[in-house]
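Worksheet for the structure shown next.
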Amino acid sequence: MSATTPGLQRERWRRILWILAVSAAIGASFGIFLGLTFGTVVTGRLLGSALIGAIQASLTAGGIVAFEILLLDSTALRWLRSAPFLVIVPAKTIVYSAIILAVQEAESGQHLASALFSGSFAQRELASSVPTITMTFSLAVTLAFVLTLQLAQLVGGRTLRNLVLGRYRRPREERRFFLFVDVVGSTALAERLGALGAHRFLSQVFAAVAEPIAAYRGEIYQYVGDEIVVTWDEREGIVDGRPLRCFFAMQAALAGRAELRGALHLGPVIAGEVGVQRRAIVYHGDVMNTASRLEQATRELGHRFIVSAEAVSALGAVPGVAFQDLGVLALRGRQSEIRAWAAQLA
């Protein structure tokens, strides 16, 4: 139950190009390091070793990217995506090691050495150790890449980055969009399929909508039963109406196999790290409670997607999206009223 959207394709290519660029930079730096450590410091030779290091790293990264982003979606390898962490890491490390060896063999490992050394027997003996050093370095970088990627899938890429950088070690105020999305009829489905069947169904739904969420740069904040909460900071969310387009892309990704209800709101939250044994980044503020209440109101008002006036005002006119003014709504459990709009594809 997935669909590859143009936005998702752009996001994948952006990610691929970023990985290749970073890999090339690491490879070039490693080539220069070898030149400065073992070779004669000659500008032309250092540039040559940097170029060869960049090429080797790019070829290796290209093979890894092809496996990670393209081949893992194939039917034959889909089982690996749901394998335990202790299985995925060794399996991927073995595959990536084979890719490194293939690149090393293709490059013969000696091109980098020849760019660094020439002439004497002692220099040739020293040069013979370069392929081994290169292989060891490549394996270490690859293992770090695999672990980082798996951790990012466990906690979310942006969450992992923010935890590592300590962005929210001190609480800070942000203006954020929150998109609450609920699967229609999930309660009846659970009664019909049973708990295990309902879990499998929701797992498929969440897997399908993950792609459009990534395409529109959303951050999955949490899963709550049959509900998924997606967030954007205001600066990123206002670009081309991303939260709105994300919801409609999520619907399209399900291809009619499941129906969604959603609500979007924008407002200030306090973001910060909490926890000791398990660190997490959480958001506190009325904006999330209001978005949840708006999502509940879709059942009462008969609309599949409701957007608050604050979100509509920030997003402005979004081509291809039509709004219907719902007036001022009195939301359950909320003292103050809020103006809202129903959104649908034009």
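Nothing in this text is a laboratory measurement; each read-out follows from the coordinates by a stated rule. Not measured: the values here are computed from a predicted model. Virtual Cβ from ideal backbone geometry, glycine too; neighbours counted across all protein chains shown.
Could you tell me whether the range 168-345 comes out rounded, prolate or oblate from its Cα gyration tensor? Rule is a ≥ b ≥ c as square roots of the eigenvalues, rounded for a/c under 1.5, then prolate if a/b exceeds b/c, otherwise oblate. Judged from the Cα gyration tensor, the range 168-345 comes out rounded (a/c under 1.5).
Per residue and in Å³, how big is the convex hull formed by the alpha-carbon atoms of the range 259-319?
Numbers: hull volume 8.1 nm³, N = 61.
Each residue corresponds to 133 Å³ of Cα convex hull volume.
Arg293 sits among other residues whose Cβ lies under 15 Å from its own Cβ, and their net charge, with Lys and Arg +1 and Asp and Glu -1, is -2.
Is the shape of the range 140-204 rounded, prolate or oblate, going by the alpha carbon gyration tensor and its root eigenvalues a ≥ b ≥ c, with a/c under 1.5 for rounded and a/b larger than b/c for prolate? Let's see the in-between values first.
Numbers: a/c = 4.25, a/b = 1.58, b/c = 2.69.
Judged from the Cα gyration tensor, the range 140-204 comes out oblate (a/c at least 1.5, b/c at or above a/b).
So for the range 219-346: antiparallel DSSP bridges make up what percent, rounded to the nearest 5? Write down the numbers at each step before the final one.
Numbers: 20 of 23 bridges.
Taking every DSSP beta bridge with both residues in the range 219-346, the antiparallel ones total about 85 percent.
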